[in-house]
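Beneath this line is the structure, given in structure tokens, with notes to follow.
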Amino acid sequence: MKNLIIIIAFLAVVFSCKTETESSSNSEKINTKENEFAIVIHGGAGNIKPENFSEAKKAKYQQKLEEAITVGYNILKNGGTSLDAVQQTIIILEDSPLFNAGKGAVFTNEGYNEHDASIMDGKTLNAGASAGTRIVKNPINLARAVMDKSPHVLLSGRGAEVFAKQQNLNVVDPSYFATESRLKGLERVKNLEKNELSAFYDDAIKDSKFGTVGCAALDKHGNLAAGTSTGGMTNKRWGRIGDSPIIGAGTYANNNTCAVSSTGWGEYFIRGMVAHDISALMEYKGLSLQEAAKNVIQGKLSKIDDGQGNGGVIAVDNHGNMVMEFNTPGMFRATMDANGELNIALFKKK
Ligand code: ASP
């Protein structure tokens, strides 16, 4: 009898913990069944709140996210590779001034737009990345070229631009990337900075958001890939490079586990090795993608420096389960599964 009471008490505790975890979760998991192929994207996380978005502005973001993910979806549907789907989806987002990548990238302290990008192939663990380029129209193409056409993983600055030209990638005048709203953003942050050094992200700025773009996909051949592209953080200086071109922090893909793209305050994502940590928790500890992403974002990352590490990830596992996990008020995001079911969201779900 005593044993029975102990067992019942134990089960009650386990059950209540599970419900608590689930109800306090900020994660979104799409699909529990196996998906033949799947694609998930983000357009940055940050202070993205309904009160800062008119219906028209919301619609603009939703339309661009839909346009981008549909490009990747069609590649996957037609039997294309996850690498191509990731690359082509990111190009659409880089070409849009709405996001902090390609055209519309944030400004450095010196008034440049400097881009970082990376891509990783989950089948071979091959990867390519570029950092601090100013003239390459689509940095994700450069990252792909570094992976496919060079013996290296990460090229930076002017050298990366020379390589881009040698690869006949599209190069543009630096003015192509500039937008009025990002210039205003630089002025705002510079004003704030008068009081505090390196105030290159401040949650108090009404429309402050990161705006990096990323994509993770599983193709019909069972291969995973992920990619990320960004202008980094407003007012960055000294050749600062964030997490986006750092394999294991901003991007990671491994066919044994998952494909991940991060967005958020890059310094914390590097210190937390966020993308690789999620994969490692799955590979070495047997966690599901959802558990792993939640552990890393809501646990580890959120604890660094008393919660300064803000941002999120999108990820897909090798069964086609997709996860979008973030600790900010919002994240531009979308998923599409093998049935063509589209999910787009900007704000935290209530
Ligand atoms: N993670 C990027 C960086 O720190 C910024 C972002 O996600 O928007 O460079």
For this session: Scan (1) under 14 Å from the mean Cα position of the chain (by Cα); (2) more than 22 Å from Ala143 (Cα to Cα); (3) of a type in the set (Phe, Trp, Tyr) for the single condition Tyr284 breaks and write down its number.
Result: (1)
For this session: Pull up region 307-335, narrow it to residues that are part of a loop (DSSP other than H, G, I, E, B) and within 14 Å of the ligand (Cβ to nearest atom), then point me to the one that is farthest from Gly122 (Cα to Cα).
Result: Gln308
Seminar exercise, completed: Reported set for region 80-90 where residues are surrounded by fewer than 24 Cβ atoms within 10 Å (Cβ to Cβ) and among the β-branched types (Val, Ile, Thr) is Thr81
For this session: Being outside any strand (DSSP E or B), within 14 Å of the ligand (Cβ to nearest atom) and at pLDDT 90 or above is the filter here, so list the residues in region 202-223 that pass it.
Result: Thr212
Problem set entry | helices (runs of 4 or more DSSP H) enclosed by region 1-96 - at least 2 residues per element that are of a type in the set (Phe, Trp, Tyr) and at pLDDT 90 or above | 55-77
Exercise. Among Ile246, Ile304, which is surrounded by 22 or more Cβ atoms within 10 Å (Cβ to Cβ) and either hydrophobic (A, V, I, L, M, F, W, C) or outside the structural domain of His42 (by TED's automatic domain parsing) (or both)?
Worked result: Ile246
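The values are calculated or read from the model by the stated rules, or taken from the named source; none is laboratory data. A quick note: this is a predicted structure, and the numbers were derived from the prediction, not measured. Cβ atoms come from the backbone with ideal geometry, glycine included; neighbour counts cover every protein chain shown.
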